[in-house]
Amino acid sequence: MKKHLIDLNDFSPTQWNEIIALAERIMDNPHIYEGSCRGKIMGTLFYEPSTRTQMSFQSAMLRLGGGIIGFDNPTASSISKGESLKDTTKIVSSYSDIIVMRHPTEGAVKAAALTSDCPIINAGDGGHLHPTQTLTDMLTLQKEKRRLSNLKVGICGDLINGRTVHSLVKALSCYENNSFVFISTDELQMPEYITAPLENWCKKSAIDDAVADLDVLYMTRIQKERFASDAEYERQASRYVLDMPKLKRAKPDMIVMHPLPRLNEIAPEVDGDPRAVYFKQANYGMYVRMSLILIMLNYDTMKPPVLLKGRVYDGIKCKNAKCIVHFEDYLPNSFIDNAGVLTCEYCESGN
């Protein structure tokens, strides 16, 4: 049986460290790993646009000697004819050794994994999670700060819809003595399911109030595609912009990260500052995905993955309108009971 990567917590922190360590070895000696995936095929199912994630996965597989099939425009596939997520996944997994999926609907990758015949990697599911971006971020921190613990991390922008920062905070909270400063408007603040388990965090409403003692400033864009209306988006856009006057308040060894693409949240003049590492960060992503592909294709276990651990409750459906259960009617509405609060197993929203 093969392991899926839906949430980064599907692997242990020890395994995260192994993925990062292998990525560093690949960076140091890329020729050793050429041809490691010869004869293997990766299926890429991208239901929404992507540049860095899609191309870095494709580059990773090609550099390892493997092949690629898939789509990046669902309107040019059988999905446009009404094919279900289940059927698409079932068919493509019969052609592939591993699947990478991006989907605009929260919980979609877990739903796909229920019927996949090969391992699936979550390349982003709506505003929920983005575990391979988190591995990219962790490799960036390891390369640029030489540690994953004892960090004060500021995260700025659209935190409610930012799947990259949800995954990052969950991961970094597993390392010692990390603290978080969440910089956003009240409307865009970090979801409670992320903050509830944290011990050391605070909220700020302005970059100026937070930047001076940070080790890392992680900027994010306001995601127009996640808003119900243009008017709602315009009210939030351009609230947070990192420019040189603000950066001058930061420590000389602070680093600025961004998952990209950016709009206007980082002024162009910041690009020339040595603390700006977001373009290097994008390059690190290819190497960490090479490492992940190698590890997942060689990960064997006698136990099949248990994807749904809760149960179905009569008459109860997930309240999150963006959850996959509202779009794929065949899915069981499975919930985990957390001290009387039912949590959807697909999108992690509380009912």
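The values are calculated or read from the model by the stated rules, or taken from the named source; none is laboratory data. Quick caveat, the model's predicted, so the values are computed rather than measured. Here the Cβ is made from the backbone with ideal geometry for all residues, glycine too, and neighbour counts use every protein chain on show. Areas reflect the complete protein model, heavy atoms only, side chains present, ligands, DNA and RNA absent. Shrake-Rupley method; radii C 1.70, N 1.55, O 1.52, S 1.80 Å.
Given a 1.4 angstrom probe, I'd like the percentage of the accessible area of the range 150-284 that is carbon and sulfur, rounded to a whole number.
Numbers: 2820 of 6000 Å².
Here carbon and sulfur together make up 47 percent of the probe-accessible area.
Within 10 Å of each candidate Cβ there may be at most 13 other Cβ atoms; applying that plus a DSSP loop requirement, which GluC sites (Glu not before Pro) in the range 1-59 survive?
Numbers: sites: GLU18, GLU24, GLU34; in loops: GLU34.
Sites meeting the loop and neighbour criteria: GLU34.
Based on alpha-carbon centroids, what's the gap between the range 229-308 and the range 152-222 in Å, whole number please?
Cα centroid of the range 229-308 versus Cα centroid of the range 152-222: 13 Å apart.
Within the range 160-241, list the GluC sites (Glu not before Pro) lying in a DSSP loop whose Cβ has at most 14 other Cβ atoms in a 10 Å radius. Please report the intermediate quantities before stating the final value.
Values: sites: GLU176, GLU187, GLU192, GLU199, GLU225, GLU232, GLU234; in loops: GLU176, GLU199.
Answer in residue order: GLU176, GLU199.
Which order, highest average first, do 60-70, 157-167 follow once you tally other Cβ atoms within 10 Å for each residue and take the mean per peptide?
Numbers: 60-70: 18.4, 157-167: 24.3.
Packing order, densest peptide first, comes out as 157-167, 60-70.
Of all DSSP beta bridges located in the chain, what percent are antiparallel, nearest 5?
Details: 8 of 42 bridges.
Once the DSSP bridges in the chain are tallied, antiparallel ones form about 20 percent.
Go through the range 33-43 residue by residue and turn each phi into a ³J(HN,Hα) via Karplus (6.51, -1.76, 1.60, θ = phi - 60°); whole Hz please, and just put x for glycine and proline.
9, 5, x, 5, 10, 4, x, 9, 10, 9, x
Could you give the DSSP H helices of the chain that reach 27 angstrom or more along their long axis (alpha carbon positions) and whose average Kyte-Doolittle hydropathy is no lower than 0.5? Don't skip to the end; give the middle numbers.
Numbers: long enough: 278-297 (28 Å, 0.72).
Qualifying helices, which must be both long enough and hydrophobic enough, are 278-297.
Please give, to one decimal in nm, the separation of the simple spin-label points placed at GLU269 and LYS248, each 7 Å out from Cα toward the Cβ.
According to this spin-label approximation, the distance is 0.9 nm.
What per residue convex hull volume, in Å³, comes out for the range 24-79 when only alpha-carbon positions are used?
Values: hull volume 4.1 nm³, N = 56.
Value for the range 24-79: 73 Å³ per residue.
Check the cysteines of the chain one by one and keep only those with no other cysteine Cβ under 4.7 Å from their own.
CYS37, CYS118, CYS156, CYS174, CYS202
Which of the peptides 100-112, 244-256 is most tightly packed, and how do the rest follow, going by the mean number of other Cβ atoms within 10 Å of each residue?
Details: 100-112: 26.5, 244-256: 15.2.
Per-residue mean Cβ counts within 10 Å order the peptides as 100-112, 244-256.
So, taking all protein chains as they sit and a 1.4 Å probe, how much accessible area belongs to ILE79, in Å² rounded to tens?
Its heavy atoms expose roughly 40 Å² to the probe.
How large, in Å, is the range 208-351 by the Kirkwood hydrodynamic radius built from its alpha-carbon pairs?
On the way: mean 1/r = 0.0514 Å⁻¹.
Taking every pair of different Cα atoms in the range 208-351, averaging 1/r and inverting gives 19.5 Å.
Under the rule of at least 5 residues apart or a separate chain, name every residue whose amide H is placed under 5 Å from the amide H of THR105.
Distant-sequence amide H within range of THR105: GLY126.
Just for the range 1-158, what percent of DSSP beta bridges are antiparallel, to the closest 5?
5
Can you pull the accessible area of LEU294 for me, 1.4 Å probe, Å² to the nearest 10?
20
What is the total of Lys pairs in the range 65-180 with C-alpha atoms under 22 Å apart, excluding same-chain pairs fewer than 8 positions apart? Can you show the working numbers first?
Values: LYS81/LYS90; LYS86/LYS110; LYS90/LYS110; LYS110/LYS170; LYS143/LYS152; LYS143/LYS170; LYS145/LYS170; LYS152/LYS170.
Qualifying lysine pairs in the range 65-180: 8.
Using only Cα atoms, what is the ratio of the radius of gyration of the range 156-280 to 2.2 N^0.38 Å? Provide the component values of the computation, followed by the final result.
Values: Rg = 14.1 Å, N = 125, 2.2 N^0.38 = 13.8 Å.
Working it through for the range 156-280, the quotient is 1.02.
For the chain, what is the mean residue ellipticity at 222 nm derived from helices alone (per DSSP H run of n ≥ 4: -39500 (n - 2.57); sum divided by total residues; nearest 500 deg cm²/dmol)? Walk me through the numbers on the way to the answer.
Values: 10 runs with 105 residues, N = 351.
Value at 222 nm, helices only, nearest 500: -9000 deg cm²/dmol.
How much accessible area per residue does the range 85-239 have, counting only protein heavy atoms and a probe of 1.4 Å, in square angstrom?
On the way: 5450 Å² over 155 residues.
Normalised by residue count, the accessible surface of the range 85-239 is 35 Å².
Pull out a ≥ b ≥ c, the square roots of the eigenvalues of the alpha-carbon gyration tensor of the chain, then state rounded if a/c is under 1.5, prolate if not and a/b is larger than b/c, and oblate in the remaining case. Provide the component values of the computation, followed by the final result.
Working: a/c = 1.59, a/b = 1.20, b/c = 1.32.
Here the chain falls in the oblate category.
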